[in-house]
1. With the cut-off at 1.5 for a/c, could you classify the stretch 29-107 from its C-alpha gyration tensor as rounded, prolate or oblate?
2. Treat the count of other C-beta atoms within 10 Å as a stand-in for reagent exposure and order ASP63, ASP36 from fewest to most.
3. When a footprinting reagent is the concern and you count Cβ atoms within 10 Å, what order do VAL42, VAL81 take, fewest first?
4. How big is the charge dipole of the stretch 29-107 about its Cα centre, in debye rounded to the nearest 20, if each Lys and Arg gets +1 on its Cβ and each Asp and Glu gets -1 on its Cβ?
5. With a 10 Å Cβ neighbour count serving as the proxy for reagent exposure, in which order, fewest first, do LEU66, LEU41 appear?
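What follows is calculated from the coordinates using simple rules that are stated; it is not laboratory data. None of the values given here were measured: they were computed from a predicted structure. Note: ideal-geometry Cβ built from the backbone for every residue, glycine included; neighbour counts use all protein chains shown.
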Amino acid sequence: MGEDARRETAELTDEQRAALIREQLKALRTVDVARDMMITLVTVGYQKFGLTQETRELRNLPDARLAIEMLRGIVEAVAEVAGEDPVTEFRSTLAHMQLQYARAASSGAEGEGEASAPPGAEDQDT
């Protein structure tokens, strides 16, 4: 937000600010928020794998697993409401992340916490 916009917002009454926020919310679609969340989870999840020299210090498999599980939940929720179109790429990314997690967990690297079954594996039996 630019300086002029901040100044204008600061001069608004509480009622005017609330009306402005309501107008902004009218244009906001929850599926767009979910998309942004999925992108963030993919980014964080891959960083937590610590696959590169730059991200090695970030390696935390329990955090990576949580990112995968959260991504899986959002993908399913969006697909249920908006159809497969908005989540097709994320399903592919999710599968790749699950595979990467399984490889990382089976490598037995030290210091990542307890590695458990690959995320989503319990769903494969049904």
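1. Numbers: a/c = 2.69, a/b = 2.00, b/c = 1.35.
It comes out prolate by the Cα gyration axes.
2. ASP36, ASP63
3. Values: VAL42 19, VAL81 11.
Result, fewest neighbours first: VAL81, VAL42.
4. Approximately 340 debye in magnitude.
5. Details: LEU66 16, LEU41 24.
Fewest-to-most ranking of LEU66, LEU41: LEU66, LEU41.
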